[in-house]
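The values are calculated or read from the model by the stated rules, or taken from the named source; none is laboratory data. What you see is a predicted model; the values in this text were computed from it and never measured. With ideal geometry, Cβ positions are generated from the backbone for all residues, glycine too; neighbour counts draw on all protein chains shown. The accessibility values were calculated without ligands, DNA or RNA, using every heavy atom of the protein model including side chains. Shrake-Rupley method; radii C 1.70, N 1.55, O 1.52, S 1.80 Å.
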Amino acid sequence: MIGKSVISLDDLSIAQIRDLLHKAQYIDAHRKEVSHTCEGRVLATLFYEPSTRTRLSFETAMLRLGGKVIGFAGAQLASVTKGESIADTLKTVSNYVDVVAIRHPKEGAALVASRAASVPVINAGDGGHMHPTQTLADLATLQSRFGRVNDLTVGLCGDLMFGRTVHSLIETLCRFGNVRFILISPDELKTPQYVIDRINATPTCSYVEVRDLASVIGDLDVLYMTRVQKERFFNEDDYLRLRDTYILDEDKLSHAKPDMAVLHPLPRVNEIAVEVDDDPRAAYFEQVKNGMLMRMALESTVVGDDLPGYEPLSSKEVQA
């Protein structure tokens, strides 16, 4: 993976993903030992659209590894306002840094960036398309909660049409296999056909589409909530009508399994009641920590810096 860009998780093998999950667990248990791993390295965070958690997570990951960070947050702060192309920006920034994290509102922008750059590029979200490091955070949370990332019934609820985190997670879980998906959304926000096709192409995976969360919550090992994203709508009336379609509260949660995990890519608006935060099944702030740990694992790996004391998974463990 040294020198390799990560635009979608299809760029990584299952063995590489398992190794990153293993590295993240090692990092969490050895924070002090890994704190100089990327000393002398510089990360650029090029964020052409708003983000708080993702940008801070990428930056904190490099800082905790002993590296430094440069970048911008918002297209209005970049030379794009003068007409500079993404390709030219990346060719320039590649001279300054060892690795780039880019977020952009247009699908395919991260791929364009990776082709222009001479350093590894990590996709931090491009339009409604892919968000691979959020999916790594999701996988790490499943791993920490269940000790596995498959043999699970996973419910995905809310905006399944525009939610790039949902698309990335489904596609990656299909690669691990043995996952039953329950897709919970209004008709207007159903899962796109290309994602359904991916499930259908995986013999050990299955799906059902339903409109009612309460009717299926008792069957779920994982409930992945999403917000209805205002920035993905052209019509504000449609957004307002669908915004409050699915809300998870204590009453609904009372019908769920005692060990079900509630995930959410954040930020939430009102789709998870604040009262749920204190329930041990709430895993969404744990996801935030796991996202930072996975980004630490990924950043150190693509620049080729070894974690002191880390022992890679054996081939037998990788296949398990």
Original post:
Restricting attention to region 169-198, and to residues there that are among the polar types (S, T, N, Q) and on the phi < 0 side of the Ramachandran plot, which single residue is modelled with the lowest pLDDT?
Top reply: 185
Original post:
Among the listed residues 225, 260, 292, 296, which satisfies the condition of being under 20 Å from residue 139 (Cα atoms), assigned by the TED database to the domain that holds residue 51 and out of contact with any Ser or Thr (no Cβ under 8 Å at 6 or more places or on another chain)?
Top reply: 296
Original post:
Among the residues of region 201-219, which ones are of a type in the set (Val, Ile, Thr) and in contact with a helix residue (DSSP H, G or I) (Cβ under 8 Å, 6 or more places away or on another chain)?
Top reply: 202, 217
Subject >> Selected residue (criterion: most open to solvent (accessible area, probe 1.4 Å)) from residues of region 251-287 that are modelled with pLDDT under 95 and in a helix (DSSP H, G or I) >> reply: 251
Original post:
Checking residue 166 against (1) among the hydrophobic types (A, V, I, L, M, F, W, C); (2) touching an Asp or Glu at 6+ places or on another chain (Cβ under 8 Å); (3) modelled with pLDDT of 95 or more, which single condition isn't satisfied?
Top reply: (3)
**OP:** Tally the residues that are within 20 Å of residue 138 (Cα to Cα) and either outside the structural domain of residue 224 (by the TED database) or in a helix (DSSP H, G or I) (or both), restricting the search to region 178-214.
**Re:** 4
Subject >> Set 216, 149: member being under 20 Å from the mean Cα position of the chain (by Cα) and among the β-branched types (Val, Ile, Thr) >> reply: 149
**OP:** Check residue 175 against each of (1) over 25 Å from residue 52 (Cα atoms); (2) open to solvent by 20 Å² or more (accessible area, probe 1.4 Å); (3) assigned to a loop (DSSP other than H, G, I, E, B) and name the one condition it does not meet.
**Re:** (3)
**OP:** With the condition kept exactly as written, say whether any residue in region 213-234 is free of Cβ contacts under 8 Å to residues at least 24 places away in the same chain and of a type in the set (Gly, Ala, Ser).
**Re:** yes
Subject >> Enumeration of residues in region 137-172 that are of a type in the set (A, V, I, L, M), open to solvent by 10 Å² or more (accessible area, probe 1.4 Å) and not in a helix (DSSP H, G or I) >> reply: 161
